[in-house]
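Structure first, commentary second.
Bear in mind that the values in this text are calculations on the coordinates, not laboratory data. Here the structure is a predicted model, which is why all the values come from computation and not from measurement. Methodologically, a virtual Cβ is constructed for each residue, glycine included, from the backbone with ideal geometry; neighbour enumeration extends over all protein chains shown.
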Amino acid sequence: MASQFLLLAFLAITCSVALAADPSSLQDFCVAERTSSVSVNGHVCKDPKFVGADDFFFSGLHLAGNTSNPAGSRVTPATVAQIPGLNTFGISLVRIDYAPMGINPPHTHPRATEILTVVEGSLEVGIVTSNPENRLISKVLQKGDVFVFPVGLAHFQRNVWNSNAVAIAALSSQNPGAITLANAVFGSKPDISTDVLAKAFQVEKDIVVDFQAKF
Ligand SMILES: *[C@@H]1O[C@H](CO)[C@@H](O)[C@H](O)[C@H]1NC(C)=O
């Protein structure tokens, strides 16, 4: 009898550990109250009495983004910045437009895994694994294909179609963030010292200065 009790207690403890997860939401929603001066990790909740449909709504993902820029792409976000009702829910959406041969340059999302689907055209996509392998995993996607970019990994897309391409991607954060590698390295304000970058990239300092001028 005692040994059966011990076994049950052991199972209960083991199961509770195995089922551990983030605490679930304590309320139906926590719509972001942007006017609050209180600083929390995310946004404080708006009084639910004043929450309405527009707090959960965004319109505009049917509109093509302006791709007249050096990369030839445009990301139109639908994150907590556009939809206050996304606060605390760990999810968001973007539309990405690509001019012919346009690229979404190598970047990472510090807080989100991304799942992308091609709505129009054909995209070459790639991810690079972390050190020490730095292995490129890439594929050409057609309309309707889906690809996953794991959280934190550098990734990119290129339109390999002779017309505009469009993708929709979901991200596992209300505020995924984006670190575009070239901008972070060569476009920081103030500049990272040319000596650091010349050694990091194993090139002459004037090449670094050229890159810094571009970003
Ligand atoms: C697109 O962006 C370019 C460059 O910023 C700008 O000159 C052009 O007017 C924009 N086009 C539209 C339709 O907004």
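Some notes on this structure:
- For region 103-215, size of Cβ-based charge dipole, Lys and Arg +1, Asp and Glu -1, in debye: 180 debye
- Amide hydrogen neighbours beyond the local backbone of T113, cut-off 5 Å, H modeled: V151, S172
- Rounded to the nearest 20, the size of the Cβ-charge dipole of the chain about its Cα centre is 80 debye, with Lys and Arg at +1 and Asp and Glu at -1.
- Reciprocal of mean inverse Cα separation for region 64-177 (Kirkwood radius, Å): 14.2 Å
- Long-range HN-HN contacts of V44 with modeled amide H, under 5 Å: E33
- Ranked by how many other beta carbons lie within 10 Å on average, peptides 59-67, 207-215 from highest: 207-215, 59-67
- Stretchable slack from Q82 to N66, in nm (0.36 nm times residue separation minus alpha-carbon distance): 3.9 nm
- Per-residue ellipticity at 222 nm computed for the chain from its helices equals -5500 deg cm²/dmol, with DSSP H segments shorter than 4 residues left out and the rest contributing -39,500 (n - 2.57).
- Other residues lying with their Cβ under 13 Å from the Cβ of D195 contribute a combined charge of -1, Lys and Arg counting +1, Asp and Glu -1.
- Put simply, when 24-31, 75-82 are sorted by average Cβ atoms within 10 angstrom per residue, most first, you get 75-82, 24-31.
- Sequentially through region 72-78, phi angles give Karplus couplings (6.51, -1.76, 1.60; θ = phi - 60°) of x, 8, 8, 9, 9, x, 10 Hz, Gly and Pro residues having no value and appearing as x.
- Taking amide H positions as modeled 1.01 Å from N, with prolines and chain starts lacking one, the residues under 5 Å from A78 and 5 or more places away or on another chain are L93, V94, R95.
- All lysines inside 24 Å of K199 as judged from Cα atoms, apart from same-chain residues fewer than 8 positions distant: K189, K214
- Average projection, convex hull of the Cα set of the chain: 19.5 square nanometres.
- In terms of its C-alpha gyration tensor, region 39-81 has an oblate overall shape, because the principal axis ratio a/c (a ≥ b ≥ c, square roots of the eigenvalues) is not below 1.5 and a/b does not outweigh b/c.
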